[in-house]
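Student: I have a structure I would like to understand better, so I am pasting it below and will then ask my questions one at a time.
The values are calculated or read from the model by the stated rules, or taken from the named source; none is laboratory data. As the structure is a prediction and not an experimental result, all values here were calculated from the model. Note: ideal-geometry Cβ built from the backbone for every residue, glycine included; neighbour counts use all protein chains shown. Each accessible area value is taken on the protein alone, full model and side chains, heavy atoms only, with ligands, DNA and RNA left out. Shrake-Rupley method; radii C 1.70, N 1.55, O 1.52, S 1.80 Å.
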Amino acid sequence: MGRFNALELADIPEPPSGGPENAGKPCYAGEPVKDAQYFLDRGDRLFFRSVYERALEEYSRAVGLDPGSAPAWQGQVFSLIELGEYHEAGLWYANAAGVVGETPDLLALRALAAARTGEFDRACGYSDSSLEKGGGALAYIVRGELFLYSRRNAGYCFEQAFAVGGIEEWKAAVLVADCCLFADTDASAGMAMKFLSPVLSRHPEKGELQLRMARTRLRLGDRRGAGMALAACSTLMPDYTIPDELKKAVAARGFWARLFGR
């Protein structure tokens, strides 16, 4: 499909006048430096809000400016997986590995893609390799999703993800919740709640956590709680557009309308 070819063609801002030595510098006073880190940060912000298509574009811009940025390559692969574009994710994994090598996080993402396409044995092998190469939080989070499918101790893997660090606590909680919600069972939704609740209590300012809390409460049948979480999400992230399917899901008996006065 067109998205794959477009990854290499994402619009990269023209460097400011004055020659290559000024590339990456702001054109005007107060303007942020639009370097690879700038676009990587934009990609991360969108990714953790589940806006994967736009995150993919920002990660692509980051790679365009810094082809050696492993986090930007990984962001592209992860976004494609979350979009359900598993074939493209595999192709882009190969491109990424050819540039930055088979990093532990890339191997973890390869395991995730394999698991979500039903190739469980291959997924376990990639997951093993990720951990053997010193994989951190993401490696354990993916391992946890694999264990959800095999009904093993996924909770231990998720706990290890928080213990090893290397990623902000709230981001780890978002990824754990996403894995649990993808597994789509009552037990996995309960596990999402187990990890979300304490982290949300420590980071009440994070609308991204409220977004996952809303989805988790919906999966557990708590529409009212989901509506309250969406209301908090809307307040904390006023520039974020709540997906229509979430609004409809909590609209039973007019709850959403009462909550927002519409």
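Student: Does any residue of the stretch 90-105 turn out to be within 16 Å of residue 48 (Cα to Cα), open to solvent by 40 Å² or more (accessible area, probe 1.4 Å) and of a type outside the set (A, V, I, L, M, F, W, C)?
Tutor: No - not one qualifying residue is present in the stretch 90-105.
Student: While we're looking at this one, here's another question. If you take the residues of the stretch 133-182 that are modelled with pLDDT under 95 and polar (S, T, N, Q), which of them is least open to solvent (accessible area, probe 1.4 Å)?
Tutor: 150
Student: Among the residues of the stretch 220-246, which ones are open to solvent by 10 Å² or more (accessible area, probe 1.4 Å) and in contact with an Asp or Glu (Cβ under 8 Å, 6 or more places away or on another chain)?
Tutor: 220, 236
Student: Within the stretch 205-214, identify whether any single residue is surrounded by fewer than 16 Cβ atoms within 10 Å (Cβ to Cβ), assigned to a loop (DSSP other than H, G, I, E, B) and within 19 Å of the chain's Cα centre (by Cα), and answer yes or no.
Tutor: Within the stretch 205-214, one or more residues are surrounded by fewer than 16 Cβ atoms within 10 Å (Cβ to Cβ), assigned to a loop (DSSP other than H, G, I, E, B) and within 19 Å of the chain's Cα centre (by Cα).
Student: Take residue 200 and decide whether it is out of contact with any Ser or Thr (no Cβ under 6 Å at 6 or more places or on another chain), under 29 Å from residue 87 (Cβ atoms) and without any contact (Cβ under 8 Å) to a residue 60 or more places away in the chain.
Tutor: It is false that residue 200 is out of contact with any Ser or Thr (no Cβ under 6 Å at 6 or more places or on another chain), under 29 Å from residue 87 (Cβ atoms) and without any contact (Cβ under 8 Å) to a residue 60 or more places away in the chain.
Student: Here is a further query. Could you identify the single residue in 187, 173, 163 that is in contact with a helix residue (DSSP H, G or I) (Cβ under 6 Å, 6 or more places away or on another chain) and not basic (Lys, Arg)?
Tutor: 173
Student: On the basis of being of a type outside the set (S, T, N, Q) and without any contact (Cβ under 8 Å) to a residue 12 or more places away in the chain, does residue 222 make the cut?
Tutor: yes
Student: Please specify each residue of the stretch 100-122 satisfying the condition of being more than 18 Å from residue 73 (Cβ to Cβ) and among the basic types (Lys, Arg).
Tutor: Scanning the stretch 100-122 gives 116, 122.
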